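In what follows, a single structure is set out as structure tokens and then discussed.
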Amino acid sequence: MSATATGRAAAPPLLEVRDLQVWLPGRGGARLHALRGLDLTVERGERLALIGESGSGKTLTALAIMGLLPEGAEVRGHVALDGRALLTLDEDGWCGLRGRRVAMVFQEPLTALNPLQRVVAQVMEPIRLHGLAPDRDAARARAMALLDRVGLDERQASAYPHELSGGQRQRALIAMALAAAPDLLIADEPTTALDARLRVQVLDLLRELVAERGMGLLLISHDLALTARRVDRIAILYGGRVMEQGAASALLDHPRHPYTQALWAARPRLGGGRDQTLHPLRGNVPALAQLGDGCPFSSRCPLATARCAVDPPSFDGRLACWEVAS
């Protein structure tokens, strides 16, 4: 039976990433293979968390989706928004897309915000740039409504970024990203510089905004324990590859990949007290120049065999591991 047998073809995912590969320039003309065949999808109204340690390739994935890779980077694969291929866009095409269809909350708001402009002016900018308000007064009204929604008042909206706290700056950056009503929001470590209480508040705010607006959310984090209960699905990234992916509840209840198990075991337990035994994940994510052809986690994996070091396991949509059956 054809895809249109029932009268309508299946709609594509909001975001579709297939076999995404990125090479970065290295010393002496070397080409460093940073992303190695990523497959991801995000539907409208869905929250996907991309989890991994620093150096796993999380931010690079976001920059590739946004068309913001550093100079000299080479990218291959397929990235599409609502079925529209993105990697072939020219700069004019990207400028029409960024902010309007896909927006990003960057990792450090103090450097992402313009120190010379008041917060409300920065939220107004994408509204006016994309012609979403007839005049300056309407743009300001729309910006103030957004700032109010993320918990900032008139005084804070009229402040400069350095006059706000870390949590307030993060909220301002979220309002700025939402100003043009994007279909997809990418939040890159939005809680890194915040204390535990503010981290929960920001993540809960993002969850509420996704539900209200029906947009998709790609949430990038290194904190599996904090993020997992606030998303629908999780993708575990290591060494530029997806190690495991699935529904958040199922993945946490039964983590299968040794890396996922190690991340989950390393978290502090609520109520465990100061004397609780922690299980740190020993070693470090290998540098790009140190990555071989096999599974990138093989040097730290308790199940690794000789095959793991030379033969990369294929990702079947759920798992990439030779020693654990999907």
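Readers should treat all values here as calculations from the given coordinates under stated rules, not as data from a laboratory. All values derive from a computational prediction rather than experimental measurement. Neighbour counts are summed over all protein chains in view; Cβ atoms, including those assigned to glycine, are modelled from backbone coordinates with ideal geometry.
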Hypothetical label at Ala289: residues of the stretch 29-53 whose amide nitrogen lies under 16 Å (7 Å Cα-Cβ projection): 29-34
Evaluated over the stretch 122-191, the Cα radius of gyration and Dmax, each in Å: 11.8, 35
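If you filter the stretch 20-67 for trypsin sites (Lys or Arg not before Pro), then keep DSSP loop positions with at most 16 other Cβ within 10 Å, what is left? Working shown, then result.
Values: sites: Arg27, Arg31, Arg36, Arg44, Arg47, Lys58; in loops: Arg44.
Here the trypsin sites (Lys or Arg not before Pro) that fit, given the DSSP loop and packing criteria, are Arg44.
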Fluctuation leader among Glu71, Glu125, Glu163 - the chain, Gaussian network, Cα springs under 10 angstrom: Glu71
Contact order relative to length of the stretch 195-326, as percent, for alpha carbon pairs under 8 angstrom and 6 or more apart: 20
Per-selection Kirkwood Rh - the stretch 228-318 (Cα, Å, 1 d.p.): 14.5
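Over the alpha-carbon set of the stretch 88-166, divide Rg by the Kirkwood Rh and report the Rg/Rh ratio to two decimals. List each step's numbers first, then the result.
Working: Rg = 13.6 Å, Rh = 13.7 Å.
Result for the stretch 88-166 is an Rg/Rh of 0.99.
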Cβ crowding within 10 Å averaged over residues, with 80-92, 178-190 ranked highest first: 178-190, 80-92
Three principal axis lengths of the chain [C-alpha, angstrom, descending]: 66, 59, 53
The stretch 1-105 - Debye-derived log10 I(q)/I(0), Cα point model, q = 0.18, 0.24 Å⁻¹: -0.95, -1.45
Equivalent ellipsoid semi-axes - Cα gyration tensor, the stretch 48-197, angstrom: 27, 20, 12
Rough spin-label spacing in nm, given labels placed 7 Å along Cα→Cβ, for Arg118 and Asp204: 3.1
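So, R0 is 35 Å and r is the distance between the beta-carbons of Asp135 and Ser165; what FRET efficiency does that work out to, to 0.05?
0.65
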Relative contact order for the chain, counting Cα pairs under 8 Å that sit 6 or more residues apart, in percent: 20
Magnitude of the charge dipole, the chain, Cβ model with Lys/Arg +1 and Asp/Glu -1, debye to 20: 380
